[in-house]
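Contents: one structure, followed by commentary.
The values are calculated or read from the model by the stated rules, or taken from the named source; none is laboratory data. Please read these numbers as outputs of a predicted model, since none were measured by experiment. Neighbour counts run over all protein chains shown; Cβ positions are idealised from the backbone, glycine included. Quick note on the areas: whole protein, heavy atoms, side chains included, nothing else; ligands and nucleic acids left out. Shrake-Rupley method; radii C 1.70, N 1.55, O 1.52, S 1.80 Å.
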Amino acid sequence: MTKATFPLSNLFEDQRIVTLSILFLLIFLLPVEVFPFSTQANSAPSFLAAISDQDGKVPLYWFKPGINPEEKIFDDGTKELQFYVSDQWYENCAAEKFFSPSTPFLLLKSKVFISYQGKSGDTLYDATDSFCITINKDDHGKPGLPLSEPVYAKASANGSSEGEWVEIEHNLLITEDTFWVVFHWLKETPTSPLIGADDSTNNKNSFWGWKKDGYWQWYEWNYNLMIRCLLLSNGMQTSFSPEGFNLNRGDTSDFP
């Protein structure tokens with residue numbers, strides 16, 4: 001009987017080939033997340049957003065690098081009067097309607113101009129009192145259900161003689177093209193602080209409202225409230241295109 005022999009070196013070489021083949025196959029099949037190229041290790045991309053309150057699968061949106069955010073404006077930048085709803089408490093609020101031609105989009109910030117002027121000698125008006133902002137859905141041309149929790153803010157009284165712009169951070173992903181920025185007076189200060197407004201044009205985007213007898217009542221106002229927002233979408237102008245990508249797969253729960 002002839003005994004077959006195999007060189008040991010060839011056997012090891014075959015094992016290496018099989019091992020490398022399996023390794024490449026595993027790398028190819030493992031799920032990966034794609035992040036834009038960055039010189040910083042383990043850095044997440046800018047403007048990566050996911051829709052919250054989802055069950056099972058969470059939609060994840062990545063906004064192109066180099067996008068220039070757009071500020072949505074209806075006022076002319078000059079305050080000509082100041083606005084309040086009522087000296088009684090009916091959950092008083094004012095709202096501005098906005099539209100984005102591209103969805104989904106990321107609402108980065110809203111801002112409101114708080115007036116320093118009120119009626120002479122009237123102690124009800126205090127520019128430094130707190131207020132809150134919510135972002136709401138559109139409901140047949142009026143503010144609908146909130147898309148966000150209230151964000152509280154107040155003026156610093158360090159602006160110009162007319163008043164100051166107060167910025168509110170949101171970073172909220174929105175999938176519908178129309179939304180509302182709603183300004184809420186607080187129960188303790190129903191007429192304070194005052195929102196700046198201009199009367200040069202009427203874009204039919206400014207509303208005021210209150211809740212009477214358990215129902216919200218909304219009314220169009222004939223002036224432009226000085227409420228603005230800053231948003232970002234993939235339909236906006238970009239300043240450059242990426243040249244490469246890193247492929248990253250997190251192996252810990254705190255991967256950024």
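Of the listed requirements (1) within 16 Å of F98 (Cβ to Cβ); (2) in contact (Cβ under 8 Å) with a residue 60 or more places away in the chain; (3) not β-branched (V, I, T), E220 misses just one: (2).
Any residue at all in region 97-119 that's without any contact (Cβ under 8 Å) to a residue 12 or more places away in the chain and open to solvent by 70 Å² or more (accessible area, probe 1.4 Å)?
Of all residues in region 97-119, those without any contact (Cβ under 8 Å) to a residue 12 or more places away in the chain come to 119.
Now restrict to residues that are open to solvent by 70 Å² or more (accessible area, probe 1.4 Å): 119.
Scanning region 97-119, I find at least one residue that is without any contact (Cβ under 8 Å) to a residue 12 or more places away in the chain and open to solvent by 70 Å² or more (accessible area, probe 1.4 Å), so the answer is yes.
In this structure, is D254 on the phi > 0 side of the Ramachandran plot, among the charged types (D, E, K, R), open to solvent by 80 Å² or more (accessible area, probe 1.4 Å) and over 17 Å from the mean Cα position of the chain (by Cα)? The answer is no for D254. Could you check region 134-154 and list, in sequence order, the residues that are among the hydrophobic types (A, V, I, L, M, F, W, C) and either at pLDDT below 95 or over 17 Å from L194 (Cβ atoms) (or both)? Passing the criteria: I135, L145, L147, V151.
Summed over region 131-140, residues that are more than 24 Å from Y61 (Cα to Cα) and either under 21 Å from the mean Cα position of the chain (by Cα) or open to solvent by less than 20 Å² (accessible area, probe 1.4 Å) (or both) total 4.
Is it the case that P143 is touching a residue at least 40 places away in the same chain (Cβ under 8 Å) and closer than 20 Å to N222 by Cα?
Yes: the conditions hold for P143.
Highlighted here are the strands (runs of 3 or more DSSP E) found entirely within region 53-94 that include at least 2 residues which are within 19 Å of F105 (Cα to Cα), modelled with pLDDT of 80 or more and out of contact with any His (no Cβ under 9 Å at 6 or more places or on another chain): 70-72. Which condition number in (1) open to solvent by 30 Å² or more (accessible area, probe 1.4 Å); (2) of a type outside the set (S, T, N, Q); (3) not in a loop (DSSP other than H, G, I, E, B) is the one that I195 fails? I195 satisfies every listed condition except (1).
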